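The values are calculated or read from the model by the stated rules, or taken from the named source; none is laboratory data. All values reported here derive from a predicted model rather than from experimental measurement. For neighbour counting, all protein chains shown are included, and Cβ atoms are generated from backbone atoms with ideal geometry for every residue, glycine included. The area values use the complete protein model at the heavy-atom level, side chains included, leaving out ligands, DNA and RNA. Shrake-Rupley method; radii C 1.70, N 1.55, O 1.52, S 1.80 Å.
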Amino acid sequence: MASQWHSLVSQKLFLARTLLGQLDCATDRNRNEEHAPNEAEQALRREAAIQGATELLLRSRRLLLVMIARLYQKKSEEPSTLGELAKAIGEESNEVNRLREIEHRAGSWWNHLDQLEMAQSRPPATRKTVSTENIIAVSADSGPDRSAPALLNTLNAVKHFADDLEEQHSEW
């Protein structure tokens with residue numbers, strides 16, 4: 001049963017990787033085509049791919065928590081947070097401890113997903129216009145790294161974690 005959940009997590013990650021791969025392919029293809037999409041259309045496609053991949057990554061993390069609950073024979077539990085998972089399977093479980101360690105590590109895939117989720121769940125911050133009166137100390141909050149390489153690094157880390165978990169539990 002848990003392997004079905006692993007397959008579902010893997011599927012979401014594969015789809016996210018496919019979307020991110022289209023970013024590179026579209027750029028290469030547009031350089032070689034006479035009738036390449038205009039800049040606005042390219043920006044729209046890029047944003048759609050990034051947001052779609054981000055949503056799939058966030059969904060895969062949630063499904064990973066459900067997969068872990070299933071590994072512990074919690075057939076009706078569908079945790080959406082690490083706290084809910086800990087409550088369902090126990091604070092002292094190996095998986096909860098590993099995820100807490102990842103959560104507390106700066107720059108981890110868990111933290112990157114938290115930042116992406118927060119950024120994607122809120123409207124964009126309004127930016128001040130730059131004029132000669134307010135040019136002093138202009139600072140921009142750049143938000144989480146949404147570049148394709150950063151998203152791929154996070155995707156690979158989630159995939160590695162899920163695969164490691166599946167392999168570990170299938171040995172039992």
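Could you go through region 150-158 and let me know if any residue there is open to solvent by less than 100 Å² (accessible area, probe 1.4 Å) and at pLDDT below 95. Checked against the condition, which is being open to solvent by less than 100 Å² (accessible area, probe 1.4 Å) and at pLDDT below 95, region 150-158 yields no hits at all.
Taking only pairs six or more apart or across chains, which ones have beta-carbon atoms under 9 Å, a first residue in region 27-53 that is farther than 30 Å from GLN115 by Cα and loosely packed, with under 14 Cβ neighbours inside 10 Å, and a second residue that is at pLDDT below 70 and of a type in the set (A, V, I, L, M, F, W, C)? That search, which allows pairs on different chains as well, returns ARG29/ALA36. Within region 14-25, residues that are in contact (Cβ under 8 Å) with a residue 60 or more places away in the chain sit with their Cβ atoms under 8 Å from residues that are open to solvent by 90 Å² or more (accessible area, probe 1.4 Å), at 6+ positions apart or across chains, in these pairs: LEU23/ARG46. Only one entry in ALA69, ALA43, ALA88 is part of a helix (DSSP H, G or I), touching a Lys or Arg at 6+ places or on another chain (Cβ under 6 Å) and more than 17 Å from LEU13 (Cα to Cα), namely ALA88.
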